[in-house]
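Bear in mind that the values in this text are calculations on the coordinates, not laboratory data. The structure displayed is predicted, hence computed values, not measured ones. We place every Cβ from the backbone using ideal geometry, glycine too, and count neighbours over all the protein chains shown.
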Amino acid sequence: MFGKDSKTTSTASTPSAPKASTAPAKAGSNIPSIISADLKIIGDLKCSGDIQIDGAVEGDIDSRLLIVGTGARIEGSITAETVRVSGTVHGQIKAKTVAMDKTAKVVGDVVHENLTMEAGAFLEGGVRRIEKPDPSASISPLRPTATSNGQSSAAQSETPRSSIL
């Protein structure tokens, strides 16, 4: 097969096996960037896609989806569309959707639109829900109107405290 008497020879112009693509992943792909359990990162992370952390991060994280693995430890604030916590977070979490598994430990405030917590999840901090803005509601600022005695109508409408008791 590869002996000297072989009639065919290979040349440099022969096509070779296809090479692995070095092009970046498509923006819509669901392949997360993974921080493995034996990796510690000191610094901020910013990603337009998904991140899965199984190691340690000391810094702020900004991504579309963040998965905090069971053994993971994050010290810093998190901003994302969706956050799933199974590990430890020391810092604020701000996301549309926050899901805390039973192994989650969060020390810091959680600002969210939707929050789910499994029984056993630990949370020490404030919880604040962000309301979705209602595009159909029109908000007009209140403007005080002057009355004949010079006081604003807002001041006249107040009921004295003594009459409430």
> In terms of modelled amide H atoms, which long-range or inter-chain residues lie less than 5 Å from the amide H of GLY59?
Replying inline: GLY43, GLU75, GLY76
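What is the local net charge at ILE53, summed over the other residues whose Cβ is closer than 15 Å to its Cβ (Lys, Arg +1; Asp, Glu -1)?
Values: positive: LYS40, LYS46, ARG64, ARG73, ARG84, LYS105; negative: ASP38, ASP44, ASP50, ASP54, GLU58, ASP60, ASP62, GLU75, ASP101.
Local charge sum for ILE53: -3.
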> Listing HIS112, HIS90 from the residue with the fewest other Cβ atoms within 10 Å to the one with the most, what is the order?
Replying inline: HIS90, HIS112
> Once amide H atoms are built 1.01 Å from N in the peptide plane, which residues 5 or more positions from ASP109, or in another chain, come under 5 Å H to H?
Replying inline: GLN92, ILE93, GLY126
> Between LYS46 and GLU75, what FRET efficiency follows from the Cβ-Cβ distance if R0 is 22 Å, with the result rounded to 0.05?
Replying inline: 0.85
